[in-house]
Structures are given as C-alpha cells and as structure tokens.
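First up is the structure itself, then whatever we jot down about it.
The values are calculated or read from the model by the stated rules, or taken from the named source; none is laboratory data. From a predicted model like this one, the values you see are computed outputs, not experimental measurements. A quick note on method: Cβ atoms are made from the backbone with ideal geometry, for glycine too, and the neighbour counts reach across all protein chains shown.
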Amino acid sequence: MVIVVMGVAGTGKTTVGRAIAAQLGAPFLDGDDRHPHANVEKMRAGIPLTDADREPWLASLHAAVAHAIARRESLIVACSALKRRYRTALRGDCRGVRFVYLKAADAELTRRLTNRRDHFAGPELLASQREALEEPDADEALAIDATWPPDKIIAFIRREFGL
C-alpha cells in the first residue's frame, strides 16, 4: 500500500509521514525533496507555484508511487496534493494508493509556519495554498485534524486502514 499524506503547508505531513513509515517499516518519500531548484526558489520568495511548475514534480512522485505498487512494496509519501487533478496524477492507474488529508485552522498553520526553521515554505504561501486546495471527499481521503498529537493521528490511520 502507498499512503500519501496531504494538506497545505504546516499541517505536519512530513512529521506524520516519517513517523508512520517508521512504525510500518516502510520507506518515506518527502515530496518537498523532489521539487526542482526553481520551484524551491519560487516558494522561498513567497511566490506560489503554478500547475505547470508542479507538473514534472507530480510526474516524479507518481513514478515513485507506481514503482512501489509494481513491486508490491509499501511507501509513505508526504505531498500537498492540493487539487483533485494532482491526486489523480499521483495515483495514475495504480490501485492501493490511499490519501490522508491533514487539516487545521489557518491561525494554527500560520503559527506553525512562522515558527518553522530551515524550510522554504513560509506563512506567506498559506493563502495561495488554501485558495488552490480542493478538499477531498470522504471517499477520496481520510480526513484528520492536524492538531491531534502525531501518535494519535498515526493510531487513527492504522486503525482506519487496518495496518
């Protein structure tokens, strides 16, 4: 199974993704690490990415997802996956891809992003990410309150996905 932990900046995708990967003994792929340098520089400058900016990045992540599925391996991916078409691109025609949608109020996310160090996505990107976000339906993703402690989030994911 491939689990994609999604949401806007500051929801804890990397924290939750790393922790669940460690518990399951699965590899972890942080989508932020696959962004081309130009994307990182745009975001560092507070400039939102366009769909064209995201296209090769999403293709790279899909290749990793497809590779894991083809080899019947588990993989945990942290990726914003803001729009429905991005989630479709990530999944492609692969079965066994599950999405976990972390969500929180803007005030909490702004606090987290303001206090975060050594990351290119700051609080100035939150508004554009919220604007781009197409919240997944319940049949598309498991929605979880990102303000829960990570261990509670992970326990919920494991219970809901039977892991």
Does any residue of the range 42-62 turn out to be farther than 23 Å from Phe156 by Cα, of a type in the set (A, V, I, L, M), in contact with a strand residue (DSSP E or B) (Cβ under 6 Å, 6 or more places away or on another chain) and at pLDDT 90 or above? no
If I ask for residues that are touching a Ser or Thr at 6+ places or on another chain (Cβ under 8 Å) and not in a helix (DSSP H, G or I), which ones from the range 6-24 would you list? Met6, Gly7, Val8, Ala9, Gly10
Residues satisfying the stated conditions in the range 26-40, i.e. out of contact with any Ser or Thr (no Cβ under 6 Å at 6 or more places or on another chain) and either in contact (Cβ under 8 Å) with a residue 12 or more places away in the chain or crowded, with 18+ Cβ neighbours inside 10 Å (or both): Pro27, Phe28, Leu29, Gly31, Asp32, His35, Pro36, Ala38, Asn39, Val40
Test for Gly96: is it under 20 Å from Ala146 (Cα atoms), of a type outside the set (A, V, I, L, M) and touching a residue at least 12 places away in the same chain (Cβ under 8 Å): no
If you scan the range 151-162, which residues turn out to be touching a residue at least 40 places away in the same chain (Cβ under 8 Å) and exposed (fewer than 15 other Cβ atoms within 10 Å of the Cβ)? Asp151, Arg158, Phe161
Please enumerate the residues belonging to the range 33-74 that are polar (S, T, N, Q), in contact with a helix residue (DSSP H, G or I) (Cβ under 8 Å, 6 or more places away or on another chain) and either closer than 18 Å to Ser128 by Cα or not in a helix (DSSP H, G or I) (or both). Asn39, Ser74
Taking the range 41-73 and keeping only residues that are surrounded by fewer than 17 Cβ atoms within 10 Å (Cβ to Cβ), within 30 Å of Leu163 (Cβ to Cβ) and not charged (D, E, K, R), one is left with Ala59, Ser60, Ala63, His67, Ala70
Consider the range 70-89. How many of its residues are without any contact (Cβ under 8 Å) to a residue 60 or more places away in the chain and under 13 Å from Pro136 (Cβ atoms)? 5
